[in-house]
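For reference, the structure is listed below as structure tokens.
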Amino acid sequence: MEASAMEEALSKKTTSKGGLRTIPFIISNEVFEKVATFGLHANMILYLTERYHMTAATGTVVLYFWNALSNFLPIFGAVLSDSCLGRFRVIALGSVVSLAGMCLLWLTAILPADRRTPECEARRDDCQLVPWQLPLLFASFVLMSVGSGGIRPCALAFGADQLDRPDNSARNVRTLQTFFNWYYTVLGLSIVLASTVIVYIQQAKGWVIGFAVPVVLMLTALTLLLLGSPFYLKAEADRSVLVGLVQVLVASYRKRRGPLPPETADASRFHNRAGYKPRTPSNRLRWLNRACALGDNPDKEVNPDDGSARDPWTLCTVQQVEDVKAAVRVLPIWSTGFMPGVIIGQQMFPVLQAKTMERRVGGLEIPAASFGVFSILTLTVWVAVYDRALVRPLSRLTGHARGVTLRQRMGIGLALFAVAMAVAARTEAARRAEALAEGLRDYGPQSGRAVRMSAMRLVPQHCITGLAEALNLIGQIEFYYSEFPKTMSSIGVSLLALGMGFGSVAGSAIVGAINAGTRSGGGRDSWLSSNLNRGHYDYYYLVLAALCVANLAYFVWCGWAYGEEGQNRVTAEEEAVEDTKTKEEQQQKL
């Protein structure tokens, strides 16, 4: 792969920069940031319904859009990181903005939410919000989303930069996989902490103290990140990467009427950077090969002094074309990540379910928002067991350094999402039937009347969802990081968040459509009624299960069309070796 400023910086690792000693600072920053962020997300549906008088459907749509914004913005943070500021600066800037958002949310809990009117004193449902409360709330959501847009796409890639090597050896693949797995194990434990301790504080001590704790944690995260600054390997941003992608598309369009180079053409028919191993472009997406094809008179297209293109918007290098192909080829598989975003984004509904069930285990009453911890625990345990106990025997059996291919892990995860929704539908049908049998049809989550069914019945669906996340989401991260050019690592990693963002938008549309379509003009409750006992959330879960099955079939087709994994990193290794040989030969001549 052609060396850029970022790649050269990453390949020149010294004992004074990077390495394992930087990981505690990066992981600590992520741990405190995730505890703060998820500590706010877990209980937010209750904050919206209780303090802002929103219905369950409206609150869910608001949170879907917040999740969508938080997942869309990382792509902009990744572009800013890879092409302008570098990963460290973007992470630090994102942490400051996220801290400001959390402070603003804390302020919404401190200031009064309702107007003090006689109607409000008599009946809580008749209260009117103070006019500036909603704008303040939404402003805090926006700031936290902007902050996460800087942290999410860069933190994982920044940590991997400290350990990664330019080769594609099995040892390097194993090192990166171990880093990814343990990274998510630590983050999983931090989310468990957020879903238990932070949620308990919010329920026991109130929203003011409950929102103050994430502020302190986020401030700690920022401090730890800055303390490790002298030890980080900080690769400079490379503006040419994104410009090069655009140049390929422009050059291909300009040459669209020209003939396609034959598949048997040798490297002399294509433009390669001077001093690098001559290559021919792959035959995938051949229409892009026009961008690097030389005409009948190459001297008019290439500068004789340095071998560069006279007009880079008409003639690009083979590697530029291959970088674009890597990005384009991954898009169909990436689109299969929308459905996991729908499933994960609707975790507000299980909170409302738990609130209507018996949550006491022994002498302890589990907060309704804490049942999501079983999903994270399953993810954490699976990642640890897979990395420590299963990878080696599986790799000996399959001959693959990761045990199974990334796409196989992603596909199994998609199948488990469908199973989780089917189990959720069955559990909700049983819960609703029990509620009707006990005469609780008119008692919703806010009534305080719980059905005589243990909320532990919700645990299986959470566990299956957690296992699906461990297989699919972590598989996606590794897949994008491995398949994208090194200079686009942040952009590749941000694709997961972007797909989750589209999933949140799709989930919001599904909720809105089902809520509107199942509500009759005669006053019948919709499937997603705020009173779960009058609704049919089991039908909603079955719709999601059917969509998951269709998405799995689509993924199988996309995986077949993609072809072999890892070709870009192999090419990069070959180019790096060739680049080293070329420089050694030049030094000998001097």
Query raised in the report: Within the range 461-469, can one find any residue that is open to solvent by less than 30 Å² (accessible area, probe 1.4 Å) and more than 25 Å from A546 (Cα to Cα)?
Result: no
**Report entry** Complete set of residues in the range 523-545 that are aliphatic (A, V, I, L, M) and either without any contact (Cβ under 8 Å) to a residue 12 or more places away in the chain or open to solvent by less than 60 Å² (accessible area, probe 1.4 Å) (or both)
**Finding:** L528, L532, V543, L544, A545
Query raised in the report: If you scan the range 194-214, which residues turn out to be β-branched (V, I, T) and either in contact (Cβ under 8 Å) with a residue 60 or more places away in the chain or under 30 Å from A157 (Cβ atoms) (or both)?
Result: T196, V197, I198, V199, V208, V213
Report task. Considering every residue within the range 269-291, establish whether at least one is among the hydroxyl-bearing types (S, T, Y), over 38 Å from the mean Cα position of the chain (by Cα) and part of a loop (DSSP other than H, G, I, E, B). Result -> no
Query raised in the report: Does N289 fit the bill of being open to solvent by 20 Å² or more (accessible area, probe 1.4 Å) and on the phi < 0 side of the Ramachandran plot?
Result: no
Report summary line: If we take the range 304-395, then helices (runs of 4 or more DSSP H) inside it with 2 or more residues that are modelled with pLDDT of 85 or more and more than 30 Å from I45 (Cβ to Cβ) are 318-335
Query - Close pairs (7 angstrom Cβ cut-off, 6 or more residues apart or separate chains): open to solvent by less than 60 Å² (accessible area, probe 1.4 Å) in the range 383-394, in a helix (DSSP H, G or I) and modelled with pLDDT of 80 or more anywhere - result: V383/A470; V383/I474
**Report entry** Inter-residue pairs, beta-carbon under 7 Å, first in a helix (DSSP H, G or I) and in the range 23-49, second open to solvent by 30 Å² or more (accessible area, probe 1.4 Å) and among the hydroxyl-bearing types (S, T, Y), 6+ apart
**Finding:** F32/T220
Query raised in the report: Before we move on, is S308 buried (at least 23 other Cβ atoms within 10 Å of the Cβ) and either under 27 Å from W560 (Cβ atoms) or out of contact with any Pro (no Cβ under 7 Å at 6 or more places or on another chain) (or both)?
Result: no
Requested in this report: Pairs only if they're at least six apart or on different chains, beta carbon under 9 angstrom, first in the range 164-193 and assigned to a loop (DSSP other than H, G, I, E, B), second open to solvent by 40 Å² or more (accessible area, probe 1.4 Å) and modelled with pLDDT of 75 or more; list them, first residue then second.
Outcome: none
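The values are calculated or read from the model by the stated rules, or taken from the named source; none is laboratory data. Just so it is clear, the model here is predicted, and its values are computed rather than measured. Every residue, glycine as well, gets a Cβ built from its backbone with ideal geometry; the counts of neighbours run over all protein chains shown. Note: areas computed on protein heavy atoms with side chains; ligands, DNA, RNA excluded. Shrake-Rupley method; radii C 1.70, N 1.55, O 1.52, S 1.80 Å.
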